[in-house]
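Quick notes on the structure that follows.
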There are 2 protein chains.
Amino acid sequence: MKFKNDRPIYIQIEKFIRENILKGKWGSDDRVPSIRELAVDMEVNPNTVMRAYSELQDQDIIYNKRGIGYFINENARKKVMQQSKKNFLQKQLPQVFNQMELLNINFNELEEYYREYETKGEDNETIK
Amino acid sequence: MKFKNDRPIYIQIEKFIRENILKGKWGSDDRVPSIRELAVDMEVNPNTVMRAYSELQDQDIIYNKRGIGYFINENARKKVMQQSKKNFLQKQLPQVFNQMELLNINFNELEEYYREYETKGEDNETIK
DNA sequence: ACTAGTGTATTAATGACATATAACACTAAT
DNA sequence: ATTAGTGTTATATGTCATTAATACACTAGT
């Protein structure tokens, strides 16, 4: 997996996990890849993966069975959805709208870009 | 000035300068605050401000007269506008649209949020 | 009991960042 | 000439986040 340079790797791994939960790839009590497995897969140190998992565990997104692995929590999807939506509405969107002001982009333009994006990325199956 | 904790201060200072250029607060050949002045103002070490200014100078946004100060470059606004717009279209927007997919937010909803934002922040004078 | 696979914990190495100092050089105003 | 204000350069320091290395402990299956 390729990581961006401007954010900690463990944060990007966290995001990866969250997205898979949102996409429905992993449901309640499904097992997520083991720390070592994911570390190899992503070409990263196991501790880096562990840090991501620890954070997710602290937030009750995943839970752990010692010696066995990590698993998706009961209400993980709901929780991730809420967190993401909150972040989207309170952080991301205001920044975007603010930037639009600075760049003199109105809502009609935004719609054009949206339609464009919609057309381009026509590979949306949500759940495979 | 209050800084966020998740980005280097010198990057945030850079952003501050760029935004003031976009807003029209500083035009061609206007002088920006001196390194020492801005450092005091923002309660930060002069070297931190200098780092921001150096970056901006490397990108031909500002230029320097030794012993006198830093000034806004001829085509600074145009340049910043281009850079910001490129970043907006190629980075920010795709992320937002992607996030909308994950959160099942359609374009009509987005419009609602936009109208809401439009109403709330009715203190837009662009140039004072 | 053994083994392979899992997580846990401690410590170390590295690098980015911000700060603190200080000495220096240039410019404008007096 | 002097002074005050500017930028320039260099060095040292401390802190913190991130990642890596390593040894340890638990669990299941045989």
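The values are calculated or read from the model by the stated rules, or taken from the named source; none is laboratory data. Treat the numbers as computed from the prediction; the structure is a model and nothing was measured. Don't worry about glycine lacking a Cβ; one is built from the backbone with ideal geometry, like all the others, and counts go over all protein chains shown.
A:Lys120 passes every criterion in (1) at pLDDT 95 or above; (2) within 11 Å of chain B (Cβ to nearest Cβ) apart from (1). For the range B:66-105, which residues satisfy the criterion of being over 20 Å from B:Gly24 (Cα atoms) and more than 10 Å from chain A (Cβ to nearest Cβ)? Passing the criteria: B:Arg66, B:Gly67, B:Ile68, B:Gln90, B:Lys91.
Taking A:Asn45, is it under 30 Å from B:Ile11 (Cβ atoms) and more than 17 Å from the chain's Cα centre (by Cα)? Against the criterion (under 30 Å from B:Ile11 (Cβ atoms) and more than 17 Å from the chain's Cα centre (by Cα)), A:Asn45 qualifies. Checking each residue in the range A:88-106 for being surrounded by 14 or more Cβ atoms within 10 Å (Cβ to Cβ) and part of a helix (DSSP H, G or I) picks out A:Phe88, A:Leu89, A:Gln92, A:Leu93, A:Pro94, A:Val96, A:Phe97, A:Gln99, A:Met100, A:Glu101, A:Leu102.
Considering only the range B:28-44, how many residues are aliphatic (A, V, I, L, M) and away from DNA strand C (no atom under 11 Å from the Cβ)? Don't jump to the end; show me each part of the working.
We begin by selecting, within the range B:28-44, every residue aliphatic (A, V, I, L, M); these are B:32, B:35, B:38-40, B:42, B:44.
Add one more test, that the residue is away from DNA strand C (no atom under 11 Å from the Cβ), and what stays is B:32, B:38.
Of the residues in that region, 2 qualify.
Among the conditions (1) within 14 Å of chain A (Cβ to nearest Cβ); (2) within 9 Å of DNA strand C (Cβ to nearest atom), B:Asn47 misses just one, which is (1). For the residues A:Lys78, A:Lys85, A:Lys2, A:Lys65, the requirement of being away from DNA strand C (no atom under 16 Å from the Cβ) and at pLDDT below 95 singles out A:Lys2.
Any idea which of A:Lys25, A:Lys85 is within 17 Å of B:Glu101 (Cβ to Cβ) and part of a loop (DSSP other than H, G, I, E, B)? Steps first, please.
Numbers: A:Lys85 fails: part of a loop (DSSP other than H, G, I, E, B).
Going through A:Lys25, A:Lys85 in turn, the sole match is A:Lys25.
Give the residues of the range B:40-79 that are in a helix (DSSP H, G or I) and more than 10 Å from DNA strand D (Cβ to nearest atom), sorted by residue number. Don't jump to the end; show me each part of the working.
Pass one, the range B:40-79, residues in a helix (DSSP H, G or I): B:40-42, B:46-58, B:76-79.
Of everything in the range B:40-79, those that are in a helix (DSSP H, G or I) and more than 10 Å from DNA strand D (Cβ to nearest atom) turn out to be B:Asp41, B:Met42, B:Thr48, B:Ala52, B:Glu55, B:Leu56, B:Asp58, B:Ala76, B:Arg77, B:Lys78, B:Lys79.
Please list, ordered by first then second residue, the pairs with beta carbon atoms under 7 Å, 6 or more apart or interchain, first in the range B:32-46 and assigned by TED's automatic domain parsing to the domain that holds B:Tyr63, second assigned to a loop (DSSP other than H, G, I, E, B) and within 8 Å of DNA strand C (Cβ to nearest atom). Going by the 7 Å Cβ cut-off, the qualifying pairs are B:Ala39/B:Asn45.
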